[in-house]
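Every read-out reported here was derived from the displayed coordinates using simple, explicitly stated rules and does not represent laboratory data. Please read all numbers here as calculations on a predicted model, not as lab measurements. Don't worry about glycine lacking a Cβ; one is built from the backbone with ideal geometry, like all the others, and counts go over all protein chains shown.
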Amino acid sequence: MATINANIAIVEIKYKVTKSDENFAATLSRRLLRWYAASRRDLPWRIPLGSARAASPPAYHVLVSEAMLQQTQVATVVPYFQRFIARFPTITALADADEQDVLRHWQGLGYYTRARNLREAARAIVDRFGGRVPDNVPDLLTLPGVGRYTAGAIASLAYGTRAPILDGNVMRVLCRLDAIRTDPRQRVTTELLWVRAAEVLPARRVGDFNSAMMELGATICTPRDPKCLICPARPLCKAAALGIAETIPPPKKKIATPTARRRVLCVRRKDGAYLIEQRPPTGRWAGMWQFITVDADTQPPSGVNDPIATIRHALTHRKYVFEVHRAARSTIPPATPGRRWATFDQMDALPFSRPHLQIRKLLREEDLASGA
């Protein structure tokens with residue numbers, strides 16, 4: 001295996017492959033590609049099962065799917081991807097789209113910076129690359145929201161470019177194959193794994209191999225209860241041989257997650273419209289719409305009814321508790337730019353964060369039930 005230092009290059013890694021590395025890589029590739037051909041999931045951003053072996057998925061589809069899959073599970077992404085591609089079928093359609101429309105088709109997925117970056121990347125591709133997604137890592141890295149992993153995924157999956165990838169699944173597979181017990185999130189270990197990911201790449205079918213590595217980590221070499229007995233890489237796996245696969249990588253240290261409490265004031269006019277507001281253009285849920293929301297640290301003013309629901313929402317580094325009230329208009333804080341009245345039909349055309357989508361659904365059901 002190649003040795004590295006802390007100043008290793010980010011885009012291009014220089015390494016020397018030994019004969020034993022070549023034999024290991026060839027065996028791993030052969031086993032994984034055979035397993036992947038028989039066992040891979042049929043996902044909408046992949047070439048359909050039964051297609052020609054040389055076929056590759058459209059680069060635009062890979063770009064969109066990789067943006068959505070950041071910090072989001074595959075099962076969650078599938079319907080969002082299908083709706084997004086139906087609405088924005090080409091890179092040009094996405095580049096020309098209004099940001100609010102893009103956010104509306106992303107609503108519920110969370111991490112909305114991904115959606116904004118994806119639209120900006122589409123505009124950059126149209127402006128600088130003639131509407132064709134770049135096929136090489138250096139050019140891909142110039143796009144908004146595209147990092148080292150995403151660049152490698154697009155280059156290899158869509159174009160067959162010999163580029164390594166390293167997501168959480170691939171990290172885990174590589175750590176177990178070599179029985180690496182240090183934390184893969186440490187910079188030195190991460191760079192070592194980038195080197196190893198490059199070393200094991202086959203000469204051909206790089207996209208399928210990278211997909212197979214991700215698939216193996218997602219379905220067989222899982223964080224808990226890895227299915228070592230049916231793993232195609234088991235004969236090559238040092239962690240399996242030592243019986244320590246489940247201890248690799250070491251668990252993350254648990255960090256207390258702070259909780260933020262918000263009070264949501266739902267003010268309804270006689271015609272059924274509700275007062276809503278647009279969030280600022282920066283920060284969490286930037287540009288999204290919501291019902292009037294204030295801090296819940298103080299006592300509610302008179303005119304605010306008892307809560308009708310409590311919505312809990314967990315993000316990676318923070319938890320939110322939304323206390324939902326029906327309220328009189330007189331209870332609303334001073335007016336701010338970006339407020340408007342909207343019916344449920346009008347709200348359907350606006351992007352809302354997941355907690356406020358839940359609140360909207362609750363209000364709609366209550367209004368229908370009461371005949372309001």
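Rounded to the nearest 5, what % of the DSSP beta bridges within the chain are antiparallel ones?
About 70 percent, rounded to the nearest 5.
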Mean separation of Cα pairs under 8 Å and 6+ residues apart, divided by the residue count of the stretch 259-370: what relative contact order is that in percent?
33
Once fully extended, how much extra length lies between Thr90 and Ala179, figured as 0.36 nm per residue of separation less the alpha-carbon to alpha-carbon distance?
27.7 nm
When the charge dipole of the stretch 259-370 is computed with +1 at the Cβ of Lys and Arg and -1 at the Cβ of Asp and Glu, the Cα pointing farthest to the positive end, of Gly272, Leu368, Gln358, is that of Gln358
Relative contact order for the stretch 19-247: what percent, with Cα pairs under 8 Å and sequence separation of 6 or more?
22
Can you tell me the relative contact order of the stretch 41-171? Whole percent, Cα pairs under 8 Å, sequence separation 6 or more.
23
Charge-dipole axis of the chain as Lys and Arg at +1 and Asp and Glu at -1 on Cβ define it, positive-most pick from Asn169, Cys228, Ala26:
Cys228
What's the magnitude of the charge dipole for the stretch 259-370 around its Cα centre, counting Lys and Arg as +1 and Asp and Glu as -1 at the beta-carbon? Answer in Debye, nearest 20.
260
What order do you get for Ser370, Ser39, Ser29 when you list them from fewest to most C-beta neighbours inside 10 Å?
Ser370, Ser39, Ser29
Rounded to the nearest whole Å³, what is the per residue volume of the convex hull around the Cα atoms of the stretch 19-247?
125
Sequence-distant or interchain residues sharing an amide H contact under 5 Å with Cys266, placed H: which?
His325, Arg326, Ala327
Here the residues of the stretch 84-103 lying in the modelled label zone of Arg354, meaning backbone nitrogen under 17 Å from a point 7 Å along Cα-to-Cβ, are 103
Ignoring everything except DSSP H segments at least 4 long, calculate the 222 nm mean residue ellipticity for the chain; use -39,500 (n - 2.57) per segment, divide by total residues, nearest 500.
-12500 deg cm²/dmol
Loop-resident sites, the stretch 36-121, for trypsin sites (Lys or Arg not before Pro), counting at most 14 other Cβ within 10 Å (DSSP)
Arg41, Arg53
Treating the Cα atoms of the stretch 279-341 as identical point scatterers in vacuum, please give the log10 of the normalised Debye intensity I(q)/I(0) at q = 0.14, 0.16, 0.29 Å⁻¹, two decimals.
-0.50, -0.66, -1.41
Which ordering of Leu140, Leu174 is given by a fewest-first count of other beta-carbon atoms within 10 Å?
Leu174, Leu140
With each label point set 7 Å from Cα along the Cα-Cβ vector, what nm distance links Arg340 and Lys252?
3.8
Rank the residues Thr190, Thr282, Thr336 as a footprinting-exposure proxy: fewest other Cβ atoms within 10 Å of their Cβ go first.
Thr282, Thr336, Thr190
